[in-house]
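Report on the structure given below.
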Amino acid sequence: MRIIVPVAAAFAALLLAPAAGAAEASPNYLLAMDLRDGGKLVGSPVLQIKSGEAATVEIDDGAGHRYALRVTATPQDADTVHVQSSVEVASGTAHYSGNPTLIVKLGQRSAIELGGDTGSIRIDFAVSAVQAN
């Protein structure tokens, strides 16, 4: 299994440097995920993202299964975050895609599930706030 974080789409979002000249730093988030395909754990990526900026993770197991997730997190209020995502999965002969949007409480486990008659993909995750450096 390999985890790829494309430089153009996400590497800068993984850095927590505050924007130059910003009067007030935007919140930063840590997004910890468990990705399961038919109940089998595929990967457990962890992303650090800046509020409003997208981060992308791709997992390719080398056996024809590819998973891509793009996530943006923005504050809803002091203890909740608006999470927008785009999920693309090619797993064997099945293909799943979706654009789930959730409002999640910081620190609370949440889940996204995509599937059909041939199986399902489940992403369990938790979002926590982190201090900007």
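The values are calculated or read from the model by the stated rules, or taken from the named source; none is laboratory data. Given the structure is predicted, the values throughout are model-derived calculations rather than measurements. Neighbour counts are summed over all protein chains in view; Cβ atoms, including those assigned to glycine, are modelled from backbone coordinates with ideal geometry.
Things to note:
- Subset of region 78-123 that is of a type in the set (S, T, Y) and out of contact with any Lys or Arg (no Cβ under 7 Å at 6 or more places or on another chain) - its residue that is nearest to A54 (Cα to Cα): T101
- Filter result for S110 (farther than 16 Å from N28 by Cβ, surrounded by fewer than 17 Cβ atoms within 10 Å (Cβ to Cβ) and modelled with pLDDT of 90 or more): yes
- Hey, T101 out of contact with any Pro (no Cβ under 9 Å at 6 or more places or on another chain), surrounded by 14 or more Cβ atoms within 10 Å (Cβ to Cβ), polar (S, T, N, Q) and modelled with pLDDT of 90 or more or not: no
- If you filter region 72-93 down to residues that are among the small types (G, A, S) and assigned to a strand (DSSP E or B), you find that the one that is nearest to L30 (Cα to Cα) is A73.
- If you go through region 35-46 and keep only what is farther than 11 Å from F125 by Cα and not in a loop (DSSP other than H, G, I, E, B), you end up with R36, D37, K40, L41, V42, G43.
- Single unsatisfied condition, R2 versus (1) modelled with pLDDT under 90; (2) among the basic types (K, R); (3) within 24 Å of V130 (Cβ to Cβ): (3)
- Residue in region 47-61 that is among the acidic types (D, E), in contact with a helix residue (DSSP H, G or I) (Cβ under 6 Å, 6 or more places away or on another chain) and either more than 19 Å from P27 (Cα to Cα) or not in a strand (DSSP E or B) (or both) present: yes
- Enumeration of residues in region 71-94 that are more than 15 Å from A126 (Cα to Cα) and of a type outside the set (V, I, T): Q76, D77, A78, S86, E88, A90, S91, G92, A94
Yes or no, residue by residue, for (1) in contact with a strand residue (DSSP E or B) (Cβ under 6 Å, 6 or more places away or on another chain); (2) assigned to a strand (DSSP E or B); (3) at pLDDT 95 or above:
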position: A25; (1), (2), (3): no, no, no
position: R70; (1), (2), (3): yes, yes, yes
position: H95; (1), (2), (3): no, yes, no
position: V127; (1), (2), (3): yes, yes, yes
position: N133; (1), (2), (3): no, no, no
